[in-house]
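Quick notes on the structure that follows.
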């Protein structure tokens, strides 16, 4: 089944206006009344939680109402419908997409992808011992540089039974586990992408079931930094980052959002094929990130260094 990855995430929220503003400040573009998209057209749709057109919410009240995956062809869509119809209802909607519910109660949609093929440069570096990636006199960025989300990357769920969730996505939809945190859950990718993961499950008590975070791929770590700095300057609360993960190797910066979950910027994720062997590690800070930075307001070294600078700790009071 050539599932590429998440195409659209559908939300039913308490404060539509706050979520719409967050989406715009995050860097997504409005594409119609309810949809906000990245450069390739993947994105999110935002509705009031009382909108009658939405699937019913989880019993926990999580704002995520539906995760729609893009597939490569109509034949792939038909194959998914045939597989899921074996033991559950599968609806065919007016737009040609299909809808079903997974084994933990999350509503899933599948559609032939409408994402645009991107032809964009990646962030480049010049490093001693390697051929330059930027020509002589070609600068890397300017003060006006702004990171724009390129494509919907992945979604992370709190679940009460991650082995059950993993089995459904593996056995019924062809997802592959790339890495896992012991007793917490797996990172998974579908067959239609080599991204390290488009899905991650985190074991939690049943009353917490729902979306933990979602994210879009950026063009490189500088895009993560500039976009994240823009969010801080707009008054949004940084939750985790900036830093760089170990599993997936992706750069990250997470922010609290009015969607009732965290929203992340990420960049430079590892790619894997079926020759990869999944790793496993205990959860915790040492296995979650190689390093973690802390944001601080700009300062210029025009006078004495700040306390603790220069390798010498500040004097005790």
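The values are calculated or read from the model by the stated rules, or taken from the named source; none is laboratory data. What you are looking at is a predicted structure, and each value in this text was computed from that prediction instead of being measured. No Cβ is skipped: glycine too gets one built from the backbone with ideal geometry, and neighbour counts run over all protein chains shown.
So is residue 192 modelled with pLDDT under 95, in contact with a strand residue (DSSP E or B) (Cβ under 8 Å, 6 or more places away or on another chain), closer than 26 Å to residue 45 by Cα and not in a strand (DSSP E or B) or not? Against the criterion (modelled with pLDDT under 95, in contact with a strand residue (DSSP E or B) (Cβ under 8 Å, 6 or more places away or on another chain), closer than 26 Å to residue 45 by Cα and not in a strand (DSSP E or B)), residue 192 does not qualify.
Which residue out of 50, 78, 25 is over 16 Å from the mean Cα position of the chain (by Cα), over 26 Å from residue 196 (Cβ atoms) and touching a residue at least 60 places away in the same chain (Cβ under 8 Å)?
So the residue among 50, 78, 25 that is over 16 Å from the mean Cα position of the chain (by Cα), over 26 Å from residue 196 (Cβ atoms) and touching a residue at least 60 places away in the same chain (Cβ under 8 Å) is 25.
Within region 32-50, the set of residues being in contact with a strand residue (DSSP E or B) (Cβ under 6 Å, 6 or more places away or on another chain), farther than 18 Å from residue 106 by Cα and assigned to a loop (DSSP other than H, G, I, E, B) comprises 34, 38, 40, 42. Checking 207, 197, 183 one by one, the residue that is modelled with pLDDT of 95 or more, on the phi > 0 side of the Ramachandran plot and not in a strand (DSSP E or B) is 183 and no other. Surrounded by 15 or more Cβ atoms within 10 Å (Cβ to Cβ), under 11 Å from residue 197 (Cβ atoms) and modelled with pLDDT of 95 or more: does that describe residue 175? Yes, satisfied. Being exposed (fewer than 10 other Cβ atoms within 10 Å of the Cβ), more than 29 Å from residue 9 (Cα to Cα) and modelled with pLDDT under 95 is a property that holds for residue 314. The C-beta contact set for region 110-122 (first residue at negative phi and in contact (Cβ under 8 Å) with a residue 12 or more places away in the chain, second residue surrounded by fewer than 15 Cβ atoms within 10 Å (Cβ to Cβ) and outside any loop (DSSP other than H, G, I, E, B), distance under 9 angstrom, 6+ apart or interchain) comprises 112/74.
Within region 178-201, which residues are farther than 18 Å from residue 3 by Cα and surrounded by fewer than 21 Cβ atoms within 10 Å (Cβ to Cβ)? Answer for region 178-201, where residues must be farther than 18 Å from residue 3 by Cα and surrounded by fewer than 21 Cβ atoms within 10 Å (Cβ to Cβ): 182, 183, 184. Of the conditions (1) assigned to a helix (DSSP H, G or I); (2) touching a strand residue (DSSP E or B) at 6+ places or on another chain (Cβ under 6 Å), residue 286 satisfies every one except a single condition; which number is it? Only one criterion in (1) assigned to a helix (DSSP H, G or I); (2) touching a strand residue (DSSP E or B) at 6+ places or on another chain (Cβ under 6 Å) is unmet by residue 286, namely (2). Whether any residue in region 29-44 is modelled with pLDDT under 95 and under 27 Å from residue 90 (Cβ atoms) is what I want to check. Scanning region 29-44 turns up at least one residue that is modelled with pLDDT under 95 and under 27 Å from residue 90 (Cβ atoms). Quick one: residue 258 ticks every box in (1) touching a residue at least 40 places away in the same chain (Cβ under 8 Å); (2) under 22 Å from residue 181 (Cβ atoms) except a single one, so which number is it? In the conditions (1) touching a residue at least 40 places away in the same chain (Cβ under 8 Å); (2) under 22 Å from residue 181 (Cβ atoms), residue 258 misses (2) alone.
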